[in-house]
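First comes the structure, then the notes that go with it.
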Amino acid sequence: MPLDRLDAIAKTLIHKAERTALVQGVGLGFGGAATVLPDASFLSAIMMRLTQRLCLVYGIQNRETQERHEMWKAAAAAAGIDFGKGLAEKHVLRKFAPQVAERLVSRANAEVAKRWAARLVPIASSALGGAINFSLVRTWGWRLQRDLRARYLEAQSDSAMSCPAGDAASI
């Protein structure tokens, strides 16, 4: 499939997740401080589902352990977490998902702290909750899409280089 088409699909998925996060943030924002935990759990589900969908768009199937590691690396990159190039070793990868989860939780806690301030007044918290959720999912989605697109292009160039000259012409 052409890269432009993949990018268009990714853009559509990101926009749908943004709208879902906005509606969810506005709806739960009316509840004030009492709805912070449900809001955070719904937002986490939206972001992880977006991660899974974008991974599928760019060719990471998430069926095998290595593909799951790639998905977690993409999620970490979207959250701004840098683990460096040393993650290719198997003994490091076993500990990788828990480390990513811990760092993602710390990032999420910072977002929850922002929401607590907004939850004091229900109408304001509704607007701010929706805006914060929308902004968070937008940033997450575009970072994730950029990283997965780069991985896709790298994989395409690697596969093109590994094909013999005669086979590359037939592709």
With respect to L54, determine if the residue is under 16 Å from R138 (Cβ atoms) and out of contact with any strand residue (DSSP E or B) (no Cβ under 7 Å at 6 or more places or on another chain). yes
For segment 102-137, what are the residues that are aliphatic (A, V, I, L, M), open to solvent by less than 50 Å² (accessible area, probe 1.4 Å) and either on the phi > 0 side of the Ramachandran plot or at pLDDT below 80 (or both)? L104, A108, V112, A118, A124
The one condition in (1) under 22 Å from Q156 (Cβ atoms); (2) modelled with pLDDT of 65 or more that L87 fails to fulfil: (2)
Being of a type outside the set (A, V, I, L, M) and surrounded by fewer than 12 Cβ atoms within 10 Å (Cβ to Cβ) is the filter here, so list the residues in segment 138-162 that pass it. E154, S157, D158, S159, S162
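The values are calculated or read from the model by the stated rules, or taken from the named source; none is laboratory data. Because the structure is a prediction, the values reported are computed rather than measured. Because the Cβ atoms are built from the backbone with ideal geometry, glycine has one as well, and the counts that use them run over all protein chains shown. Calculation scope for accessible area: heavy atoms of the full protein, side chains included, ligands and nucleic acids excluded. Shrake-Rupley method; radii C 1.70, N 1.55, O 1.52, S 1.80 Å.
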